[in-house]
Structure formats: C-alpha cells, structure tokens
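Quick notes on the structure that follows.
The values are calculated or read from the model by the stated rules, or taken from the named source; none is laboratory data. As the structure is a prediction and not an experimental result, all values here were calculated from the model. Don't worry about glycine lacking a Cβ; one is built from the backbone with ideal geometry, like all the others, and counts go over all protein chains shown. Keep in mind that these areas ignore ligands, DNA and RNA; they rest on the heavy atoms of the full protein, side chains included. Shrake-Rupley method; radii C 1.70, N 1.55, O 1.52, S 1.80 Å.
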Amino acid sequence: MDYLPIFTKLENRPCLVIGGGSIALRKVHLLLKAGAEVTVCALSFHEKLQQKADAGQIKIIAGSFTETLLDDKWLVIAATNQKEVNKEIAESADKRQLLVNVVDNPALSSFIMPSIVDRSPIIVAISSGGKAPVLARLIRERLETLLPMHIGRLAKISGEFRHRVKETLQNVSLRRRYWEKLFGNGQLGSLLQRGDTKKALALMEASLTEDVAQGDVALVGAGPGDPSLLTLKALQLMQQADVVLYDRLVSSEILDLVRRDSDLISVGKEAGNHEVAQSRTNQMLVEYAKQGKKVVRLKGGDSFIFGRGGEELEELVASGVNFQVVPGITAASGCSAYAGIPLTHRDYAQSVTFVTGHRKENGKSLDWKALAIKNQTLVVYMGLIQAEEIQAQLLQFGRGGDTPVALINKGTTPDQHVVIGILSELTQLGGGLKGPTLMIIGEVVNLADKLAWYNPENSHKLSRDPFLVNLA
Ligand SMILES: C[S@@+](CC[C@H](N)C(=O)[O-])C[C@H]1O[C@@H](n2cnc3c(N)ncnc32)[C@H](O)[C@@H]1O
C-alpha cells in the first residue's frame, strides 16, 4: 500500500490554500464542506473566491507565499501554477511535519486527495496513488451509479437509531445481525427513497423484536484459488460471518476478503491425517452455531466434490442446526479452464468423470475398466500419490500408453504450472510438483497447446518434457 487512506476531521481547523485559480477554488470548496477554517493566499483571486471572502466564508491574503503562513495550520494545499513556488511550499511544510498536497504532484505531496463519491455521511474515496487517474475516475463513475442517493439518509437515520438498538440488544453480534437483516432486505431503503421517514423508523423499531438470535452455518465453496472466482453469495456471507472455519487449500488472498473482525480458524487437513480433525471440525460448527453465531465453513473448490461437505451437513442435521450451501468452482472446472483444456469436446470426449486418488482405508476401489474407455476425460483429484496405480490400471484395461495427460499444479493462481505428457510416462511427470495438483487424462489435453491463455508471470511454461520440470 503506497498510501494510508484516512478520513480527517477538519471542522474549525485552520487550513491554508496557496493559489487563487479554479483548481484552488475546487480545493477550497471541499475544505469548506468539511467545515475547515480556510485561508487562501494568492497574487490574484478567482471571482468566486473573492465572493466567498466577501461573504466571510474564507479569509484571503493577497501576496506571495511566506513560511509564516504555515503557523498554526493543520493542512496545506499548494495550487499555484508555478512549480518553484509549489516546491518551496512543500519543503517548508515538510520541515514543519505539516501535511501538504501539491496539486498534480504526488512526488512533492505528503497526502493526496482521492476521487470521492459523496453520500454523506457515507463517503467512498478512490485513489490510484497518482498512477492511473483515469481508471480511478472510471471506478468512481461506476460507484456513483451503484450507490443510490438515499444511502446517505439510510446511514444518517441508522446513526440516530443506534442508541435504541444498543439499549435493546445487549450483545454486539445480535446488534450486527439486526443491522445486516435490516439493510439486507431493502425495505428500509425503499421507504427512505420515498421519503417516508416515519414508516422507516416504525420498521426499525418493529425489527428489534424479531428473532435474530439463532446461529447458522453456510457451507461455502471458495473455488480453486483465484479470488475472483468466488461467487457473489460466497463473498457476501464471508463479509457477514462471525466465525470462519477454513481449509488448508483456501488461499490467503481469499481469506483477506473475510470480514475483518470475524474469527478465522484453520481446520487444515492433509491427505491421510485428518480423522480427528474432521470430527472436531463438525463439533466446532455445531458449537458456534448454537452460540448464535453466523458460521462460514470455507472449503477449497466445491464442498460437495471431494470436500466432505456432505459429512459435515449430516452432523448439522443431526444437531438441528440451520444451514445453507453455496457452490464453488471445483478444481476440475477452474484448472481445466485456466489450462485451456475443455473437459468435453464433440470430437474427443463425450463424457467426463471425476475420481479421487485418495480413498478411505476400506473404501471401494474404482471401476478401472469403465475409466479406461477411450473418448472420455478422466479427472483425478489428489492423484499424484497414486500415479503408479492409475497408470498401471488404465494401461491394463486398454487405455493407450500415448493418451495425453496433464498435471495442473496450483491451478488458477499466479503460480500455476501445467505439465503435459503421456500416460506411459505418468509416474515420472509430477516429480517436482508441490502443492495441490489435478490430473486430467484424455485426448482433450492435446487442445492445451492451442487454447492455453493464462500466462501469469510466475507460471512455468507448458512443458512436454517431464525432465525439464524442476520446481523444487
Ligand atoms: C480434498 S480435494 C478438494 C477438492 C475441492 N473440494 C474441489 O472441488 O476442488 C483436494 C484436491 O483438489 C485438487 N485441487 C484443488 N485445488 C487445486 C488447484 N488450485 N490446483 C490443482 N489442483 C487442485 C487437488 O487434486 C487436491 O489434491
């Protein structure tokens, strides 16, 4: 982060603007909106600045900048059209450890002024740190259309009602739930949009007695790694959660999107080492929900595909805990898409089968005869440790040794690596790979040469030679 975004209280605080043109006028306008006591120093003044001075809204000083003007000021804006003068102002302010903004010159500024969307008391500030002002402007325009005008009124009336909520609902999590429910259903917004403050207040009062105490669990699929593959619903629930129990496969970029003050609990699992962890996880889900918390159980990919989601839900049903399920993009969809390998194709594969290389100790074995049939795609989750068996069984049941195979490691992330080879080499292909790896077997893999589009900087080049891959 190049700049720390902060909102400054300037009410009745003396601020200085140097420069008397239209840019200075815009800055003065903003400072006045924030209630600052504004002094403008310039050689000549825009007529509107003069009018403000005549109306007693600002003080103007005709003349050149002198350092003593900085005495007792909280903040300074240099808006002259003379580079040297702006530089002198910046240096003098810096010497006094005073915050200074030099218009259009981030290098000389100790603070910059963001683009803003003003729905006071809701204010959204957008900055590109001076690197892409047009992009920042486009984002602002988008937000302007997204944020309805009445949102300011909504924030204001909520502020006025806060004490009433605090007095009625004793704990923080109940109060948060109250507000989320109220803002979430849109009724309050439409009343305010129509200007019906009386009914809005009645609704707020009535909602206080509704039951918001019951906790629940949302089983949320977080997708294969790229945070932008999260669903909107997943994001909304992550933003509302009191507690998030997450798996090892959920990336830190995704965890960064969870509401800041929710409790993040890792219930990470490694293949073959999670029997105790799973039962403890189930127990925690029930316990937190029964404490009235909103629990998000965040899992890599999709919870119902080799994710043990079903097992966790059975436990919730048995304990009478309410739940919902939010599907995620499973590794097969995400990794194949990012590697340019369509899982089906009218010319090469009429079906696709997902299997797991990791099964319960006494789990049923796979139907290798069916899996070895040509013109189908086989996707193997957690297949690397079983590469030897997969290769041997498929060859034994008639799959050709030259059937193309792809190993996609850390798919959809900036570290994605794709290794391509053939079935008869499968055991040697994944030697250097660490981290989650998905195996795709079938003729569709040949399309990767033509269709690969995702080339992040850290990614290893698509390789056909397993011995070139050294990723340790
Ligand atoms: C326990 S399974 C979980 C699957 C998950 N529920 C899903 O729907 O993707 C873990 C396996 O999924 C595959 N996997 C998950 N994310 C992956 C990724 N980003 N890249 C490659 N493989 C991945 C790997 O085979 C990994 O060993």
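Note on K374: lysines with a C-alpha under 22 Å away, same-chain residues under 8 apart excluded, are K450.
For the chain, the carbon plus sulfur part of the accessible surface works out to 52%, probe radius 1.4 Å. Each other residue within a Cβ distance under 13 Å of R399 adds +1 if Lys or Arg and -1 if Asp or Glu, for a net charge of 0. Solvent-accessible area per residue in the stretch 151-207 equals 59 Å², computed with a 1.4 angstrom probe and all protein chains kept. Rolling a 1.4 angstrom probe over the protein heavy atoms with all chains in place gives the stretch 14-113 an accessible area of 54 Å² per residue. Residues whose amide H lies under 5 Å from that of I422, counting only those 5 or more places away or on a different chain, are V405; hydrogens are built 1.01 Å from N in the peptide plane.
When the alpha-carbon atoms of the stretch 197-252 are used, the pair Rg, Dmax equals 16.6, 50 angstrom. A simple count of charges around I123, restricted to other residues whose Cβ falls under 14 Å of its Cβ and scoring Lys, Arg +1 and Asp, Glu -1, yields +3.
A simple packing score, the average count of other Cβ atoms within 10 Å per residue, orders the peptides 74-80, 236-242, 318-324 as 74-80, 236-242, 318-324, with the highest score first. Under conditions of 10 °C and 1.306 mPa s, the stretch 110-251 yields 88 µm² s⁻¹ as its translational diffusion coefficient, taking Rh as the Kirkwood radius over Cα pairs in the Stokes-Einstein equation.
Could you give the size of the charge dipole of the chain about its Cα centre, using +1 on the Cβ of each K and R and -1 on the Cβ of each D and E, expressed in debye and rounded to the nearest 20?
Approximately 1180 debye in magnitude.
Here the scattering of the chain is modelled by Debye summation over its C-alpha atoms, one equal scatterer each and no solvent; at q = 0.08, 0.10 Å⁻¹ the log10 of I(q)/I(0) is -0.72, -0.93. If you plug the beta carbon distance of V317 and E389 into 1/(1 + (r/R0)^6) with R0 = 45 Å, you get a FRET efficiency near 0.80.
Once the Cα-Cα distance is subtracted from the 0.36 nm per residue extended length, the S252 to D196 segment shows a gain of 15.8 nm. Length gained on full extension, N105 to K450, computed as 0.36 nm times the residue gap minus the Cα-Cα distance: 119.6 nm. Computed on the Cα atoms alone, the convex hull of the stretch 151-207 gives a volume of 69 cubic angstrom per residue. I'd like to know which of M238, I329, Q283 lies farthest towards the positive end of the charge dipole of the chain, counting +1 on Cβ of Lys and Arg and -1 on Cβ of Asp and Glu. So the residue furthest toward the plus end is M238. Relative contact order of the chain, taken over Cα pairs closer than 8 Å and 6 or more residues apart, is 9 percent. Counting 0.36 nm for each residue step from R175 to K87 and taking away their Cα separation leaves a gain of 26.7 nm.
A straight line joining the Cα centroids of the stretch 326-403 and the stretch 179-200 runs 51 Å.
Its alpha carbons give the stretch 332-468 an Rg and a Dmax of 13.9, 43 Å. Quick one: net charge around D54, please, counting Lys, Arg +1 and Asp, Glu -1 for every other residue with C-beta under 11 Å from its C-beta. Residues near D54 contribute +1 overall. Cross-link pairs exceeding 18 Å between alpha carbons, from the set K369/K410; K181/K233; K9/K48: K369/K410; K9/K48.
Using the Cβ-Cβ distance between T231 and Q324 with R0 = 22 Å, the FRET efficiency computed as 1/(1 + (r/R0)^6) comes to roughly 0.95.
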